[in-house]
Structures are given as C-alpha cells and as structure tokens.
Amino acid sequence: MPDGRFAPSPTGDLHIGNLRTALVAWLCARSAGSRVLVRIEDLDRNAARPDIARRQLDDLTGLGLDWDGPVVAQSDRLDRYRDAIGQLEHDGLTYPCYCSRREIREAASAPNGPGHGRGGGRSSEDGPTPARLDGAYPGTCRNLTRAQRAEREAAGRPPALRVRGAGARFGFEDRFAGWFEGEVDDLVIRRNDATPAYHLAVVVDDADQGVGEVVRGDDLLTSTPRHLHLARLLGLTAPEYGHVPLVLGPDGARLAKRDGAVTLADRAARGIGPAEVLGELATSLGLAEPGAQVEPATLVERFVSTVLPREPWVLTAEVLDP
Ligand code: GLU
C-alpha cells in the first residue's frame, strides 16, 4: 500500500485550510489501508520554530488524525540533501546563480522575459490547466563565462545553485486536478545561504520515505513538474500526486491569519471545539451534513465513494467571525 504523508512547515499555526488538506491527505491514505507519515519541513532556520511544530502535531491529534512511525525533521537530514546535491553537481547538471530576487523579478517581467512568450515559463499553450510556473527563472546565469563568474565571485555575492531544466516538460494525472503538464525552469537546489532548497528536500524525502501518494495544497501544483524532473535526475521513484483546492477567505484571497478565527485555538476561544471543526471540514468536503457529529473513522468509509469538490472552499465572514 502506498504511504501518504503530511509535511507542514513550522512557521505558523495550522489554519483551517492546512487542516483540511491534512484531513484529505489522511483520508486518502487511510481509505487505501496505507500508513500516514509526518515530516516537519524546518529547513528555513529563520522561520521554523520547534514550539510551532509541537502545536501543529497537537492540532492534528486534536482533530483525531493519527500517523505512523516517528516524525521526521528535515533539519536532521542535511547530509542526505548534500549528497543528492553532490550527485547533481557531479553529473554536470548544475550552475551557480548570483541573481537577487529583484533581478529575477525584473528579468522575468522584461519584454523578452519568460512571462512573455517563449522563455522558461509557461504560456497559454501549455495545456488544459491554465497556470503560471511560480517564479520561473529567466536563465540569467545559465551560460556565464568563466570571467563573468569570477567577476560576480569577486563582488562577494554568495551564489545559489541551480539545476538545469533543459526545457523538460512533465505531465501527470493528479487525483483531484486531473491531467496537468508544465515546463521545468532552472530551479534552485541550494540557496545562497548554503541551505538545501525545499524543492530538492521534498523530492528526496518523499522517495526515501517510500511515500506513494503526495496529497497537498494546490499552490504546489505548478511546482510538481519540477519535482518530477528532480526525481528523474536523481534516479528516484516519483510518487502519485493529489493537489487539494485551497481554502479562500471572503475576499477570494488565500486564507490567512488576519481573516479571523482560522486556527483551532482561535475557534476554541470562540467555543468551537476540535470535533466541531472536524465537522466543518467534513461538511466542506461533502462528507457530512452541516452540524453533524463525525468521527475520522466514519469519514474514511464515506470518503471511498465521494467525489471531492474541485473548487476552492470560500469561507464566509460568519464562519470566520462566529
Ligand atoms: N511544507 C509545505 C507547506 O507547509 C508543504 C510541502 C508539501 O506538502 O510538499 O506548505
């Protein structure tokens, strides 16, 4: 049975959207009789906090979601990521990149940049799902001469390391989004502070942990071709994917803390306990009637025969400020 997983970044308390995605990931795995693994994605040392990781796990437990085996932290796996990066370097697939974020943004929005026609990004011809490759790299440092590299080194700016996309395209059948296809840009695998990048770590971890199906928020749908590309280059088995539509606030923007009572703690403070939140999430997924009492185990049975909504769940002001 392919294992499932949930991989929160401990940078803030889980909100109702994150919890809903966790519930769906849990249901996908449990309904297939599979294990659920939890991985803490704490590579960003400036933002990740152990106390938040603890609360995230408590919130999952509070909803009644369990998992198998030890919780893995990415910060304990740095050597493994370094090995994978070394493999790609050894294979001649990487190059140093000296660009700042601002330079990339400016190059990407220039008249001949990837946002305009045949650059490294997506175009309207890219397939049935209209989506942009978030932050596609325009290729500025791809073919620097030795002298140009030396000049940038001398300026003292530490480089990030990118792996070449080489125009690769990857498509896959997503459990929720259907067929999705996209081009791969030259993505960062090691940040300029020497930290392995998320895109690299997630691919290595899912393969090493034997994850068979990755169920996560659909903000990562457009990055998945990158993950398939990296898995191919590293000789790793790629998982199946399911990207869950995000939860939106009343203004149609991605749900955020400022929107109101969005965390379990916020809702508890307004008299809505975790069992009721589970009911709200189940209702949003078409798995329960509004106000019904539900148990995770009952939801597993219902989940098997239910088609999940493919649209985002838009929360109303009444839900957010009960
Ligand atoms: N750590 C990511 C997040 O919390 C999720 C990554 C993934 O599921 O692949 O947004």
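The values are calculated or read from the model by the stated rules, or taken from the named source; none is laboratory data. For clarity, every value in this text was computed on a predicted model and none was experimentally measured. Ideal geometry is used to build each Cβ from the backbone, glycine not excepted, and the neighbour counts take in all protein chains shown.
Can we say ARG226 is crowded, with 23+ Cβ neighbours inside 10 Å and of a type in the set (D, E, K, R)? Please lay out each step first, then the result.
Details: crowded, with 23+ Cβ neighbours inside 10 Å: yes; of a type in the set (D, E, K, R): yes.
Judged against the criteria, ARG226 is a match.
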message: Among the residues of region 43-82, what is the count of those that are in contact with a Leu (Cβ under 6 Å, 6 or more places away or on another chain) and among the aliphatic types (A, V, I, L, M)?
response: 1
query: Does ARG254 satisfy the criteria of being more than 18 Å from PHE180 (Cβ to Cβ), within 13 Å of the ligand (Cβ to nearest atom) and not aliphatic (A, V, I, L, M)?
result: yes
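I need the full set of residues from region 36-62 which are part of a helix (DSSP H, G or I) and of a type outside the set (Lys, Arg), in order please.
PRO50, ASP51, ILE52, ALA53, GLN56, LEU57, ASP58, ASP59, LEU60, THR61, GLY62
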message: Of the residues ASP79, ASP3, ASP59, only one is more than 28 Å from THR195 (Cα to Cα) and either more than 12 Å from the ligand (Cβ to nearest atom) or of a type outside the set (A, V, I, L, M, F, W, C) (or both); which?
response: ASP59
- prompt: In region 24-70, which residues are surrounded by fewer than 20 Cβ atoms within 10 Å (Cβ to Cβ), closer than 24 Å to ALA207 by Cβ and among the polar types (S, T, N, Q)?
  reply: SER31, SER34
query: Tell me, which residue of region 213-245 that is in contact with a Ser or Thr (Cβ under 7 Å, 6 or more places away or on another chain) and not aliphatic (A, V, I, L, M) is nearest to ILE40 (Cα to Cα)?
result: ARG216
- request: Would you check which residues across region 235-251 are of a type outside the set (Val, Ile, Thr) and within 15 Å of the ligand (Cβ to nearest atom) and list them?
  value: LEU236, ALA238, PRO239, GLU240, TYR241, GLY242, HIS243, PRO245, LEU246
statement: Here the residues within region 63-90 that are in contact with an Asp or Glu (Cβ under 6 Å, 6 or more places away or on another chain) and part of a helix (DSSP H, G or I) are GLN74, SER75
query: Among the residues of region 9-18, is there at least one that is more than 11 Å from the ligand (Cβ to nearest atom), under 25 Å from ALA207 (Cβ atoms) and outside any loop (DSSP other than H, G, I, E, B)?
result: no
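Determine which member of the set ARG232, ARG216, ARG152, ARG175 is crowded, with 16+ Cβ neighbours inside 10 Å, basic (Lys, Arg) and away from the ligand (no atom under 16 Å from the Cβ).
None of the other options fit; the residue is ARG152.
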- prompt: Looking at this structure, is ALA268 within 16 Å of the ligand (Cβ to nearest atom), surrounded by fewer than 21 Cβ atoms within 10 Å (Cβ to Cβ) and either over 20 Å from the mean Cα position of the chain (by Cα) or within 18 Å of PRO322 (Cβ to Cβ) (or both)?
  reply: no
- request: Just one of (1) of a type in the set (S, T, N, Q); (2) more than 15 Å from the ligand (Cβ to nearest atom); (3) at pLDDT 95 or above trips up THR263, so point out which.
  value: (2)
